[in-house]
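Since the structure comes first, as structure tokens, the remarks are kept for the end.
The values are calculated or read from the model by the stated rules, or taken from the named source; none is laboratory data. This is a predicted model, so every value here is computed, not measured. Cβ coordinates were reconstructed from backbone atoms using ideal geometry, including for glycine residues, and neighbour counts include every protein chain displayed.
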Amino acid sequence: MASSNAFQLIEGTGGKEFIQTLLGKMTLAEKIGQLCQVNAGDNHIPDNLHNDLKEGLIGSVLNQVDVKLVNELQRIAVEESRLGIPLLIGRDVIHGFKTVLPIPVGQAATWNPDLVRKGAEIAAKEAASTGVNWTFAPMLDISRDPRWGRVAESLGEDPYLASELGEAMVNGFQGENLSDIGSIASCAKHFAGYGAAESGRDYATTNIPENELRNVYLKPFHSAVNAGVTAVMTSFSDVNGIPATANEFLLRQVLRDEWLFDGFVVSDWDSVKQLSTHGLTENDKESAFEALSAGVDMEMASYTFRHHLSSLVAEGRISEELIDQSVLNILGVKYALGLFESPYTDPDSLSSIANPYALGIARQSARESIVMLKNDNKALPLIESKLNSLAVIGPLADSAYEQLGTWIFDGDPDLSITALEAIKNRAGDEIQVNFHSGLETTRSRDTNSFDEVSRIAKDSDAVLLFLGEESILSGEAHCRADINLPGVQAQLVENVRKCGKPVIAVIMAGRPITLTNIIDQVDALLFAWHPGTMGGAAIAELLFGDESPSGKLPISFPRHVGQIPIYYNQKNTGKPPSDKAIVHIDDIDPLAPQTSLGMTAFHLDEGFKPLFPFGFGLSYTVFKYENIQCDRYEMKIGESITVSADLMNTGEFEAEEIAQLYVRDLVGNVTRPVRELKGFRRVHLTPGQKKTVSFEIHSDDLAFYDRNQKLIVEPGEFRVWIGGSSYAELETGFRVIN
Ligand code: BGC
């Protein structure tokens, strides 16, 4: 159901001729106006904004969601300006609008493209009912650094998973047809490499060799372009010495010339102006020159285009044709959205916001996003008949707001179902629920209530601990150098542990947390990300075993922050570590300190493995994989091969498993990762049921950029695994031949 790019969309509709004719009537000032996006902000339309719209000096407004004001903005643009060009109304609709879905990294843990698509579709419909016609999503930055706050907004560490889910989001937002009511334009961001910010500090410099850029960071963007994303937003960062907003290689060579993108490119907030702060340009005029020349079509928030493009044209430094091209890129999207025909939004459509269907999808999405990381002695699911009382403890047990996550401009905490609410509801009169928040916030260091918490824990049959991070601790500019549970939460766990009751932790957070210091203190652990509006309901369903946890990690969980970056698809190195050859710092042989070390790529204090690998997640049942096979050993370039394995539910619980397929290209023109995800599928199995899962691999799926940055498929030997995580052991191989 992939749509196509803006220009392809208007092909044959008369759209191209329409916008070309319109362009012919525009003055230079009106053309530049289309390239300017301004913040609407307040709950009224200020005179200067009104005047600018009337003069045709603005092409897009962001951050207005009052449908009456949005309609009024459109009315001024359409009825009071000379040419009546409607506006793009932009908004960060990132993980839901009023109905809040799990944060994107949580949605990625569902490994469910169809569900992710439905979530985006709901978000688009809700946003569109206020007049918003363009979202700044999906964020497709490959994120291998959980210190980076924006990991919350990402689809994780893997290019394939991020590509599949990013494409699903684009399709969800844009629908079958951009001009349909409820479809909105989407925007792949932040182009490109933003996730590689040094030391996980937001906005920091990125240095990514071109080969790595192409094989890893650009991949999800390319998929989004192929899926018909209508806009691309530049990253704030410096990429290999040239900030992304002035990076001609990225914006023209890759995006336009190689990928044939024909939507438009928007800068990030003020990022054109910031070119001077980076030290790339001397002043705003040069920033406007660099950004437009490099391929930015629309400037967000700052005013360098508005103030300087006309003199740059007058001086002959920027050609009017270049401006015309940017204007056409933007008008093409406006036309594809159907804005010229129907610029207004029916305020009555607001009534369908947060409807039962939307809440149902939010609940399913939360449920499928939750990853069970530990479950010793069948601590979960809770068996109601064996419980008289439950302690519910922790700062996030009853926090309608915090469970929503980072991008919730429009999210409504009043709609939230918290875990405490859902557990109480579920427990009814049969089970006594004893609640204490324990700590005021996840960051607080006040241990005053710990005695009271212990008393409650002792008086209860089991303890549910709701810990993690408030939403403010992740997201843009909210980075952390230490990614342990903040404050004294680890002490709270220790304290509760001493009470001798089963301890079940539910962690809500915007990033992977280093859980090494608490994992042995708990019997079970559910990692719930920030699960959104229906988070509590979904958590209760899993705790009480209405359904089995089925989420899998879209990003590795380090043992220690010092291991970062740690991701499953690393290169092998010349001295790969192995379980057999690592020595712990405490075990170095004093008589042979050198030789005992093993001389491979590991840390003396933490080894080389994460605490939980990519793709990992437990279930209430037991899944067994066996009989892996390829339908043949050799495949020619241009052909496909089918790899299959039997998957059996050998436990007692009906559940879903996410079967994953990984390959390794043993020898390459450039070195290849030790494993690469190439397929995945959710499989539903009743106890005792067996299904064969098969994956088709086309030789194109094995393509990579070589040392000359050419996309190639090389003949050679491949290993392949099918299993339940990136540590899958069931293995076979095949050969690609010419
Ligand atoms: C963020 C973008 C966002 C934009 C508009 C920027 O600060 O980096 O992701 O879309 O603001 O709100």
*asked:* Step by step: first the residues of the range 712-738, then only those that are among the aliphatic types (A, V, I, L, M) and more than 13 Å from Val663 (Cα to Cα), then the one that is surrounded by the fewest Cβ atoms within 10 Å (Cβ to Cβ). Which residue is that?
replied: Ile737
*Being over 30 Å from Arg672 (Cβ atoms) and either in contact (Cβ under 8 Å) with a residue 24 or more places away in the chain or part of a loop (DSSP other than H, G, I, E, B) (or both) is the filter here, so list the residues in the range 551-599 that pass it.*
His584, Ile588, Asp589, Pro590, Leu591, Ala592, Pro593, Gln594
*Look at Gly59 and say whether it is within 16 Å of the ligand (Cβ to nearest atom), in contact with a Cys (Cβ under 9 Å, 6 or more places away or on another chain) and farther than 18 Å from Phe173 by Cα.*
yes
*From the list Ala152, Ala127, pick out the single residue that is under 26 Å from Asp348 (Cα atoms), assigned to a helix (DSSP H, G or I), in the same structural domain as Glu212 (by TED's automatic domain parsing) and within 16 Å of the ligand (Cβ to nearest atom).*
Ala127
*For residues that are within 14 Å of the ligand (Cβ to nearest atom) and either surrounded by 24 or more Cβ atoms within 10 Å (Cβ to Cβ) or β-branched (Val, Ile, Thr) (or both), tally how many sit in the range 92-104.*
5
_Phe435, sole failed condition from (1) of a type outside the set (Lys, Arg); (2) over 26 Å from the mean Cα position of the chain (by Cα); (3) more than 19 Å from Leu396 (Cα to Cα)_ = (3)
*Among what's in the range 44-81 and is touching a helix residue (DSSP H, G or I) at 6+ places or on another chain (Cβ under 7 Å) and outside any helix (DSSP H, G or I), pick the residue that is surrounded by the fewest Cβ atoms within 10 Å (Cβ to Cβ).*
Ile45
*asked:* With more than 16 Å from the ligand (Cβ to nearest atom) and either assigned by TED's automatic domain parsing to the domain that holds Gly59 or modelled with pLDDT under 95 (or both) as the only criterion, which of Asn133, Asn171 stands out?
replied: Asn171
*asked:* Lys624 - would you say it is of a type in the set (D, E, K, R), under 27 Å from Asp114 (Cα atoms) and free of Cβ contacts under 8 Å to residues at least 60 places away in the same chain?
replied: yes
*Name the pairs: first residue in the range 200-216 and assigned to a loop (DSSP other than H, G, I, E, B), second residue aliphatic (A, V, I, L, M), Cβ to Cβ under 6 Å, at least 6 apart or on different chains?*
Asp202/Ala477; Ala204/Ala197; Ile208/Ala196
*Hey, does the range 45-55 have a residue that's more than 16 Å from the ligand (Cβ to nearest atom) and within 19 Å of Asp346 (Cα to Cα)?*
no
*Does the range 228-235 include one or more residues that are out of contact with any Phe, Trp or Tyr (no Cβ under 9 Å at 6 or more places or on another chain), more than 16 Å from the ligand (Cβ to nearest atom) and without any contact (Cβ under 8 Å) to a residue 12 or more places away in the chain?*
no
*Within the range 401-409, can one find any residue that is in the same structural domain as Ala505 (by TED's automatic domain parsing) and among the β-branched types (Val, Ile, Thr)?*
yes
*From Tyr344, Tyr357, which residue is among the hydroxyl-bearing types (Ser, Thr, Tyr), in contact (Cβ under 8 Å) with a residue 24 or more places away in the chain and surrounded by 14 or more Cβ atoms within 10 Å (Cβ to Cβ)?*
Tyr344
*Go through the range 580-605 and count every residue that is surrounded by fewer than 20 Cβ atoms within 10 Å (Cβ to Cβ) and either of a type in the set (A, V, I, L, M, F, W, C) or under 30 Å from Ala379 (Cβ atoms) (or both).*
13
*Can you tell which of Ala540, Ala505 is of a type in the set (A, V, I, L, M, F, W, C) and part of a helix (DSSP H, G or I)?*
Ala540
*Only one of (1) surrounded by 24 or more Cβ atoms within 10 Å (Cβ to Cβ); (2) more than 16 Å from the ligand (Cβ to nearest atom); (3) more than 13 Å from the chain's Cα centre (by Cα); (4) aliphatic (A, V, I, L, M) is not met by Ile208, so which one is it?*
(1)
*Ser267 more than 30 Å from Arg675 (Cα to Cα), crowded, with 24+ Cβ neighbours inside 10 Å, within 16 Å of the ligand (Cβ to nearest atom) and assigned by TED's automatic domain parsing to the domain that holds Leu337*: yes
